[in-house]
Every structure is written in structure tokens, then in C-alpha cells.
Amino acid sequence: MKEIVFATNNENKLQEIRNILSDGFIVLGLSDIGFNTDIPETGTTLQQNASIKSTTIYKQYNINCFSDDTGLEVEALGNKPGVFSARYAGINSTYDENVDKLLQELKGVENRVAAFSTVISLFLNGKEYFFEGRISGTITHKRHGERGFGYDPVFLPDGYNVTFAQMLPELKNKISHRALATKKLVFFLQNEV
Ligand code: IMP
């Protein structure tokens, strides 16, 4: 079995990818390799931030690894919050505070077009590869639904009449930005390695 590190501390993301890749890969998390330092996300794009994380691990451990970064891009806000999605309302802001700020910024704005984007950076045998997943939609005027996390209650994906927070997780996890990027990564790992 080949070992690969997923540069994340998020147990849910780790478990999800472990299940998908269980046939050919042992997927290690950061704690499994004894890496307990916070990697600062100082990039100005999702691609840079994903790359910073995987490069840090690759350089220190010389092991195949990947990492991801996700952002919500809102057209009327010049594609913000983008890389700042997790800290839109300030450092350590909660999901609720970020959604409140978004709704406030879009008050009276007609153009509600938005997209979630996930970029995965993979270091494989010293070479870097990128995979992107994107889903377009619109931002609602108020919250709908209780499921999910982050901006889910106000994100209405194109082609559906419910927000991510109203969907069953099974459906969201099939069509989401992260699912699409992950699918490309998995296809690559299962066919190229
Ligand atoms: P991360 O790069 O996966 O940590 O995501 C950064 C931020 O984007 C999170 O803190 C959330 O606010 C937001 N986000 C990422 N994925 C989702 C999602 O699937 N639904 C809603 N918000 C998300």
C-alpha cells in the first residue's frame, strides 16, 4: 500500500478521503506524522494557499501529500470573501458572523451570483499537480436550512431550489465543489500512480 499525507487537521475530510482511497492508499493526517504546527495561509489565491500547505509537508518529510483550500466567491463583491472565507468577519469569526456579514454586504444588491471553489494541490514524486472543483449558485436573502456548515444556509446551487443547508448531506457531497475536486484527485491517483 502506498502512503500519502493529507495536510489537514479536519478529521471529517480525512475520514472521507480514507474511505474513497482505501483500496490502494494509506492516507495519513498531520497528527499521524507528528506535525502539530499551524501552517499560516498567507497566499492571495486558493491555489497559493493549497500549495503552501502541501509544499511545507513535502519539503519537511519528503513524502507524497496533498492539501485543499476552499472559498466562496461572490460576483457583486469582486469575488470576495474568496481566500478570506473562514475569517470574513474577522480573525476567529464564527460561521454565523461570516454569514451575517455577507448578507449585510449584499443588502439591496440585486446580483447574487456566487460560486464555491476548492483547489487541491498534490505533491507526487516531487511534482505538483492542481485539481479544481467549482459549483455556481446564488446567495439567498436570508438563511434556509439547518444542515451543513459555513455559508451553506445562504448558498442556493444552480439547478436546485434548496440551499446546501436544506439538502441531505449525501446530495451535497455528490455535487459540491469539494466533491468535484476530490473526484479529480482520486481519478488521477487511481489511474496515474
Ligand atoms: P476550508 O479551506 O475548507 O477550511 O474552507 C474555508 C471556509 O470556506 C470555511 O471556513 C467555510 O466558511 C467556507 N466553506 C468551505 N467549504 C464550505 C461548504 O461546503 N459549505 C459552506 N461553506 C464552506
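The values are calculated or read from the model by the stated rules, or taken from the named source; none is laboratory data. No experiment lies behind these values; they were computed from the predicted model shown. Because the Cβ atoms are built from the backbone with ideal geometry, glycine has one as well, and the counts that use them run over all protein chains shown. For accessibility, only protein heavy atoms count, side chains too; no ligands or nucleic acids. Shrake-Rupley method; radii C 1.70, N 1.55, O 1.52, S 1.80 Å.
Structure data summary
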read-out	value
Pairs of Lys in region 28-129 closer than 24 Å at Cα, counting only those 8 or more apart or on different chains	5
Accessible area of region 1-139 divided out per residue, in Å², using a probe of 1.4 angstrom	52
Cβ-Cβ FRET estimate between residue 75 and residue 95, R0 fixed at 30 Å, reported to 0.05	0.90
Helix-only CD estimate at 222 nm, as mean residue ellipticity for the chain, using -39500 (n - 2.57) per DSSP H run (n ≥ 4)	-10000 deg cm²/dmol
Ranked by how many other beta carbons lie within 10 Å on average, peptides 64-77, 82-95 from highest	64-77, 82-95
Rg/Rg_ref, region 1-94, where Rg_ref = 2.2 N^0.38 Å and atoms are Cα	1.20
Carbon plus sulfur fraction of accessible area for the chain, probe 1.4 Å, in percent	49
Degrees separating the helix 46-61 axis from the principal Cα axis of the chain, which is the longest one	20
Charge context of residue 182, other residues only, Cβ under 14 angstrom, K/R +1, D/E -1	+4
The chain - Kirkwood radius from inverse mean 1/r over Cα pairs (Å)	17.4
